[in-house]
Amino acid sequence: MQIKKIAAHLIALGAMLSLNGCATVQVQDPADPWEGWNRSMQSFNDSVDDYVMKPVAEGYRWITPDFVDQGISNFFSNIGDIRVTINDALQGKFAQSAFDGTRFFLNSTLGLGGFIDLASNVNLPKHHEDFDQTLGFWGVPSGPYLVLPLLGPSSPRGVLGVAGDVAMNPISYTGVYFSSSAVSTAVSGGLGAVNAIDLRADNLENERIASEAALDRYAFFRGAYLSQRNYLIHDGNVPDEDVLNLDDQEGLSPVQPY
């Protein structure tokens, strides 16, 4: 009898979890009116990641020494400080823009082209500003949640933000540095590929934790994206209830400490 009672409780618990998962999928989020498209696009992106990006990133991590991996991450982060410095100024953060410009100059010279992050050791910390944040600062609404092919979570404003950030990236102008269009295309594409692989390799553990924590992977990434963008655009000055809480989000289970 005791065994039957335990089995009955387990069946009831399984039914409740199943219903909760179904309810999570069916509830329409007002910030996500394009959920059908977004879910199918995330499935496509997940497939590309499973069969292409993740294996390549794991291979990259396996063959690349830690100091080389860190140096490559520092190099692309340093290039990103150009975008950060410009967006600081566009948001009226002139003091921060001066600090970030100094950070870029220091790492580009004494830091051997950005491969060594000296600036962080002299009280010039890394900031994260992009054109999407600048548009938000000036009151441009984000629009609904949108998952883009290959690029992942975004919004209509985020699409404009990506275009602006590309325009601020010197890698986009490799044609100026090389007389041959074929060489410039190869260099630009190669650097972009290395940057994408390096970013994916740096997030292997984060993706694994997210996948294990989420009952609904789609809801997790949507909540994480919207919460992060809200936090960045308001420079962290958001109410506690607007920050993603893994214990309270629909479709999520608490993250277990490792």
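Structural remarks
- Estimated inter-spin distance, VAL56 and VAL140, nm [label 7 Å along Cα→Cβ]: 2.9
- Nearest-0.05 FRET efficiency for GLU212 and VAL159, computed from C-beta distance (R0 35 Å): 0.70
- Panel order for PHE104, PHE67, by other beta carbons found within 10 Å of each beta carbon, from fewest to most: PHE67, PHE104.
- Sorting 197-203, 123-129 by average packing, meaning the other beta carbons within 10 Å per residue, from highest down gives 197-203, 123-129.
- Ranked by how many other Cβ atoms sit within 10 Å of their own Cβ, fewest first, the residues VAL147, VAL183 fall in the order VAL183, VAL147.
- Working from Cα pairs under 8 Å separated by at least six residues, relative contact order for region 2-242 is 23 percent.
- Here VAL159, VAL52 are placed in order of increasing Cβ neighbour count within 10 Å, fewest first, which gives VAL52, VAL159.
- Theoretical FRET efficiency, 1/(1+(r/R0)^6), r = Cβ-Cβ of LYS126 and VAL187, R0 35 Å, to 0.05: 0.85
Every read-out reported here was derived from the displayed coordinates using simple, explicitly stated rules and does not represent laboratory data. Just so we're clear, the structure is a prediction, and the values are computed from it rather than from any experiment. Please note: Cβ atoms are built from the backbone with ideal geometry, for glycine as well, and neighbour counts cover all protein chains shown.
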